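Trainee: Starting off with a structure, shown below.
The values are calculated or read from the model by the stated rules, or taken from the named source; none is laboratory data. Since this is a predicted model, take the numbers as computed values, not measurements. Here the Cβ positions follow ideal geometry from the backbone for every residue, glycine too, while neighbour counts run over all protein chains shown. Protein only, heavy atoms only, side chains kept; ligands, DNA and RNA dropped before computing areas. Shrake-Rupley method; radii C 1.70, N 1.55, O 1.52, S 1.80 Å.
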Amino acid sequence: MLLQFDIENNRSIKNKKRLSFIADNKPEHKESLIKYDKHNILPVIGIYGKNAAGKTNILKSFKHIRDMIRFSHEFNPVMPIPFYEPFKFTNDID
């Protein structure tokens, strides 16, 4: 079960962003939450924001992680990480 997902240095996302399915302690919609261990889990989330804010890149990051898991048996340890597109809007060289 995916409870949170962190994204950093990928496509248009430079700094770490976290997508969490763990509900806060607000009382509204408690009947819709999924109880798991000691957490209340959101059954669904929404991603919204301005145009060109990175919403699609968050979804592409989900797909890339899924593909890395699905095809991990085909990877070679000396190969570069497949599907990885680092943040490109900077002059910093690491």
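Trainee: Checking LYS30 against (1) over 19 Å from the mean Cα position of the chain (by Cα); (2) more than 18 Å from MET1 (Cβ to Cβ); (3) in contact (Cβ under 8 Å) with a residue 24 or more places away in the chain: exactly one of these is not met. Which one?
Mentor: (3)
Trainee: Which one of the conditions (1) out of contact with any Asp or Glu (no Cβ under 8 Å at 6 or more places or on another chain); (2) at pLDDT below 85 does LYS55 fail to meet, given that it meets all the rest?
Mentor: In the conditions (1) out of contact with any Asp or Glu (no Cβ under 8 Å at 6 or more places or on another chain); (2) at pLDDT below 85, LYS55 misses (2) alone.
Trainee: Of all residues in the range 16-53, how many are within 22 Å of TYR84 (Cα to Cα), in a loop (DSSP other than H, G, I, E, B) and open to solvent by 100 Å² or more (accessible area, probe 1.4 Å)?
Mentor: Residues flagged as within 22 Å of TYR84 (Cα to Cα), in a loop (DSSP other than H, G, I, E, B) and open to solvent by 100 Å² or more (accessible area, probe 1.4 Å) within the range 16-53 amount to 2.
Trainee: Follow-up. Please indicate, with yes or no, whether at least one residue in the range 67-84 is hydrophobic (A, V, I, L, M, F, W, C), at pLDDT below 80 and within 16 Å of the chain's Cα centre (by Cα).
Mentor: There is at least one residue in the range 67-84 that is hydrophobic (A, V, I, L, M, F, W, C), at pLDDT below 80 and within 16 Å of the chain's Cα centre (by Cα).
Trainee: Something else now. Out of all the residues in the range 6-15, which are surrounded by fewer than 11 Cβ atoms within 10 Å (Cβ to Cβ) and assigned to a loop (DSSP other than H, G, I, E, B)?
Mentor: Keep residues of the range 6-15 that are surrounded by fewer than 11 Cβ atoms within 10 Å (Cβ to Cβ), which gives 6, 15.
Answer for the range 6-15, where residues must be surrounded by fewer than 11 Cβ atoms within 10 Å (Cβ to Cβ) and assigned to a loop (DSSP other than H, G, I, E, B): just ASN15.
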